[in-house]
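Each reported figure results from applying straightforward, stated rules to the coordinates on display, with no laboratory input. Please read all numbers here as calculations on a predicted model, not as lab measurements. Here the Cβ is made from the backbone with ideal geometry for all residues, glycine too, and neighbour counts use every protein chain on show.
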C-alpha cells in the first residue's frame, strides 16, 4: 500500500479539485477513482511469504490432505524434481529453495493413509532439515518439532511392532517344529501298532 501513497495523494487532491469545481454530480466518479487507486496499490504489494520464498507448513499439510492419490504422487514428483534441480545448481543458489522443497517432501512422506507414507524417510529428511535450516519461522519451527515428536512416537511403535512380529514368527516356527516332531513320532507309533497287530494276527493264525 505504501508503494502508491504518492499516487493516492495526488488522486485525492485531484478529486477534491473536481468536487469543488463541478459540484456533487461528480461524487460517484471521484469514488470510482479512489477505489481504482486503492485496488491498484493493493495489487502492487506482494505477500511477505512469496517475497521470501517461505511457506506455512500447517497450511501446506492441510492442503495435502485434500489431494487424492494421483495428486499426491504428482506433488511428490514435482517437489523432488525441484529439490534435485536446486541441489545440482551452484552453491550460490539460495538455501531457501532447498528448505522449501525439502520441507514439503517431509510433510508428503509424513502424510498418513497415503501410498507415499514413509515415516523413516520423513524422519531422516527432517533431521537433515533441522541441521541446515536457519531461517524457519516460529510457526514452522513449532510445527516441525511437533512433527518430529509424532514421527519419533510412530517409529517407536513400528519398532515395537516389528519386534513383536519377529518374536511371534520365532515362536510360531518353534511350535511348527514341535508339531512336526510330534506328527513324526505319532506316525512311527502308528507304524509300530500296525506291525504289532500283524504279529498278533500271525500268532493267532498259528495257534
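Brief remarks follow.
- FRET E, pair residue 78, residue 167, Förster distance 45 Å, beta-carbon r, rounded to 0.05: 0.60
- In nm, spacing of pseudo-spin labels at residue 195 and residue 181 (7 Å Cα→C-beta vector): 2.2 nm
- Here the peptides 165-176, 67-78 are ranked by packing, the mean other Cβ count within 10 Å, and the order with the highest first is 67-78, 165-176.
- Two-decimal Rg to Rh for segment 51-158 - Kirkwood Rh, Cα set: 0.95
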